[in-house]
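Here is the structure we will look at.
The values are calculated or read from the model by the stated rules, or taken from the named source; none is laboratory data. Computed from a predicted model, the values in this text were never measured in an experiment. Here the Cβ is made from the backbone with ideal geometry for all residues, glycine too, and neighbour counts use every protein chain on show. Just the protein is used for accessible areas: all its heavy atoms, side chains included, with ligands, DNA and RNA removed. Shrake-Rupley method; radii C 1.70, N 1.55, O 1.52, S 1.80 Å.
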Amino acid sequence: MKTAPPDASSISNGLSGAEAAARLLHYGPNLLRPTPQRALALQFLAHFRNPLVLILLAASGISALTGDASGSAIIGAIVLMSVTLDFVQEYRSGQTAQKLAEQVAVSASVLRDGQPCQVPVAALVPGDVVLLSAGNLIPADAELLQAQDFFVNQAQLTGEPYPVEKSIAAVTANPVHAAPRPIDAESPNQVFMGSSVVSGSARALVGLTGSATALGQIAHSLAQPAPRTAFEQGTRHFGLLIMRLTVLLVLFTLLVNVAFARPLLQSFLFAVALAVGLTPELLPMVVSVTLARGAMRMAACKVIIKRPSAIQDMGAMDVFCTDKTGTLTEARIQLERHVDAQGRDSERVLQLAYLNSFFETGLKSPLDDAILQHAEVDVSGWQKIDEVPFDFERRRVSVLVQNAELRLLAVKGAPEDILRLCTQYEAEAGVCSALDDAARSRLQTSYDGLGQEGFRVLGIAWRAVAADHPHAVVTDETELVFAGFAAFLDPPKVSAKAALAALQASGVALKIVTGDNELVTRHVCAQLELTVSGVLLGSEIAIMNDDALRARVDAVNLFCRVNPAQKNRILLALKARGHVVGYLGDGINDAPSLHTADIGISVAGAVDVARQAASMILLEQDLMVLHAGILEGRRTFGNVMKYIMMATSSNFGNMFSMAAATLFLPFLPMLPMQILLNNLLYDVSEIPLPLDHVDAEDLARPRRWDMGFIRNFMLTIGPISSLFDFLTFYLLLHWFKADPALFRTGWFVESIATQVLVIFIIRTRRNPLRSRPNPWLTATSLGVLACAMALPFTPAAPYLGFTALPPQFFFVLAGLALAYLAMVEFGKRRFYRRLAHP
């Protein structure tokens, strides 16, 4: 793909809106692998690819060819209704998820019609001029037009973990090209999609977009499906369990019918219909709708979901890691004190800190904003020469400035690092003394005292350089003169104490992972009444191997003075201990941890690279909002589990009874079309399940997939269902002297009644009379039951193979249903008692 040669006007003013729209049509969206939008008709037809659906349609066609036109039409109609139901629900869920995702889509700052504006990254085109600053993701392959102290992380392309400086030195002679240059990650003037800006600012001309970018070419050559989440693995394992049971029962049924010399076509249809009855074909729809509804409810709680399955992961989360700033504290940082080495208020310290923050062009922090609130500092006589931007390994920033009298390097950063680099300290204004052990001890005591009072502290230092000193480099940060401390206060959030108590009561352990020092963090924890169970410092983690760290992480809930790589190691250690880990971060340095965590959580105001890496976005940086999201995740998982438990107990029990009945009945216990109709009606009764209430005890603890739990529940409840089916067979054959039509009709109605009514027992661990279901679930279930009871008396009955039932049958049905529900309730309570006390 080639770019059009830009003219000088487009470089200075950017593209016009009309030109950008025309180029978007020509080049396509700026996406690595644009998702093709299939027509609705094709999406609908895709639902017919299910092998069971295809077999049923083939069987329907064979029935028509053999003269059974009515049976063929009914089977076809039932299949069509099932597929349509599934399609409509999934389509609506997909639309909902897409709208929510659009709310937090990453945008880029672009010059259009001469004005900076925010444009979705997908709408960028070759020739656009993008404005880049610290924290931005580079949205396309581009060539720098302007750059100032511009460092990018392009590890995604090169694997190199350290930031690389980019400049325009190589293109000053001819900055614009008719076609993009060959891709070269080492080129100092080219930046690439997927890289992130660490510090500085730049203006760049977009050359390649979408799949034509360097990252796009890699993505195509190494395209692999994303690894399955825990939720997706759970549904897959459940599907495999059901598939094995289905194959066994279907083969058994088919062999029995062939052995008894029953009609081959009807036996085949019966076996296929039995497979449909056993298959939880509504599970994808239930999962999709439940997750979509969960996403909508979480959006109402001000949590936007980017990956729907993250909702369930949120419900399973049992460890939550976060920094304290903005989460436990107000993130309204104020510079409260600026003191010299003697602990006295010092305007000199304020001036040096202000010079550093004012002229810094890299990644600014809230501490810089707090310093710059002191507008009384006059910097009009000062001029910036150069700077060494902040990075998370050095934990400091240096700015080379000069006025009419001198040129100096102003440095601010983590106090322990600044003190380590200092050889002198400023005892009086302009008077420097050697920084001996006694002086270091006094300064450390002063620093610790500020920390114990809850202050966040920066060290301020300086160094005079020669008047012709041209550049600032890292090696200049030596033999510094210590000026003093800048102390900041960030009060705890009013809501944080209640939110922490709610998280702990919900079974979620909170671990604070911060770059701040231990004393300040302990002070915040004390104010929030958060018990400190253990502390690990970054310096201790640095000398631990992974096994040693894994042995400590469970007992520790404060990790202080940790760098980004150490944060990542902490998360990996927690995951290795079997925890489902959530991580909240909003900075550039948080992106690796957001990728590593099971649930990466960021906030609306986070930098691009953090929002891109996160699975969900909090519109408010408040733990109470997060707690609401956790409960919604558990509610969503609870409703999915209800469907699974019903599908593997009552429904499976009925299908097992049907297979077993072929051994002693001289006719098929239910016609294929009746099985399909039974399955359709049962599915309809389950549609409102995603809307159902979930009991408080099911929200109290993290919940995960447990195939052992599902299997044991099926083995407990399934036999009860089969027992009452066999009792129904006995009554129909020996009391009602039923012929095949009456037998099938009676059992059809009894099967629907028990399957539908048992929903109200299985949906809760409580006494069903004390747990109210959603009114829509009640209405739909009772409506389906009424429909099934009325069917034998409708004009459609002969076509469906039904016959009118005698009145006394309904009295027997009422007794059977009540006894069945009582037995299931007894079995359910016994199952949960054994689960609680194994």
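Here is the link list: K306/K567; K493/K567; K324/K567; K324/K511. Which ones come out longer than 20 Å on Cα distance? Beyond 20 Å: K306/K567; K493/K567. Each peptide in 404-417, 118-131 receives the mean, over its residues, of other Cβ atoms within 10 Å, and ordering these scores from highest gives 118-131, 404-417.
The charge dipole of the range 643-797, taken about the Cα centre with unit charges on the Cβ atoms of Lys, Arg (+1) and Asp, Glu (-1), comes to about 320 debye, rounded to the nearest 20. Here the peptides 256-262, 777-783 are ranked by packing, the mean other Cβ count within 10 Å, and the order with the highest first is 777-783, 256-262.
How high is the relative contact order of the range 734-838, given as a whole-number percent (alpha carbon pairs under 8 Å, six or more residues apart)? Write out the running numbers ahead of the final one.
On the way: 59 pairs, mean separation 43.7, N = 105.
With pairs under 8 Å counted, the relative contact order is 42 percent.
Taking all protein chains into account, the per residue accessible area for the range 362-472 stands at 46 Å² (1.4 Å probe).
Output the peptides 628-638, 298-308, 503-513 sorted from most to least packed, where packing is the average of other Cβ atoms within 10 Å over each peptide's residues.
Taking the mean over residues of other Cβ atoms within 10 Å, the ranking is 628-638, 298-308, 503-513.
Here the 3J(HN,Hα) profile of the range 771-787, calculated from phi with Karplus coefficients 6.51, -1.76 and 1.60 at θ = phi - 60°, is 10, 7, x, 4, x, 5, 5, 4, 5, 5, 5, 5, x, 5, 4, 5, 4 Hz, Gly and Pro shown as x. Here the Karplus relation 6.51 cos²θ - 1.76 cosθ + 1.60, evaluated at θ = phi - 60°, turns the backbone of the range 467-478 into coupling constants of 5, 9, 5, x, 9, 9, 10, 4, 5, 6, 7, 9 Hz, with x for every Gly and Pro.
Estimated from the Cβ-Cβ distance and a Förster radius of 60 angstrom, the FRET efficiency linking E376 and A46 is about 0.35. What the phi angles of the range 674-684 give under the Karplus curve with 6.51, -1.76 and 1.60, with θ = phi - 60°, is a coupling list of 6, 4, 5, 5, 4, 5, 5, 4, 4, 4, 4 Hz, glycine and proline written as x.
For the range 621-653, the residues whose amide N sits under 20 Å from a probe point set 7 Å from the Cα of H237 along the beta carbon direction are 634-649. Length gained on full extension, H693 to N545, computed as 0.36 nm times the residue gap minus the Cα-Cα distance: 48.6 nm. Stretched out straight at 0.36 nm per residue, the stretch from E347 to A786 would grow longer than its current Cα-Cα span by 149.7 nm.
For the range 731-750, the residues whose amide N sits under 20 Å from a probe point set 7 Å from the Cα of A804 along the beta carbon direction are 736-750. Once the Cβ-Cβ distance of M81 and Q148 is raised to the sixth power relative to R0 = 51 Å, the FRET efficiency obtained is 0.20. Remark: the L727-T531 segment gains 64.6 nm on full extension, using 0.36 nm per residue and subtracting the alpha carbon distance.
For the pair A404 and L24, label points projected 7 Å from Cα toward Cβ lie 5.4 nm apart.
Counting only Cα atoms, I'd like the Rg/Rh figure for the range 416-499, Kirkwood definition for Rh. Kindly include the intermediate steps, with their values, before the conclusion.
Working: Rg = 16.6 Å, Rh = 14.8 Å.
Using Cα coordinates only, the ratio equals 1.12.
Using 7 Å Cα-to-Cβ label points, what is the M823/A466 separation (nm, one decimal)? Computed distance between label sites M823 and A466 equals 9.8 nm.
Report the FRET efficiency, 1/(1 + (r/R0)^6), for F709 and R440, where r is their Cβ-Cβ distance and R0 is 51 Å, rounded to 0.05. Working shown, then result.
Values: r = 59 Å, r/R0 = 1.16.
The pair F709/R440 has a calculated efficiency of 0.30.
Legend: P(r) of the range 739-838 from all alpha carbon pair distances, 5 Å bins from 0, whole percents, reading 2, 12, 19, 20, 16, 12, 9, 6, 3, 1, 0.
Label positions at A565 and L835, each projected 7 Å from the Cα along the C-beta direction, are separated by 4.5 nm. Within the range 727-838, what whole-number % of the accessible surface is contributed by carbon and sulfur, with the 1.4 Å probe and all protein chains included in the calculation? Exposed carbon and sulfur together represent 68 percent of the surface.
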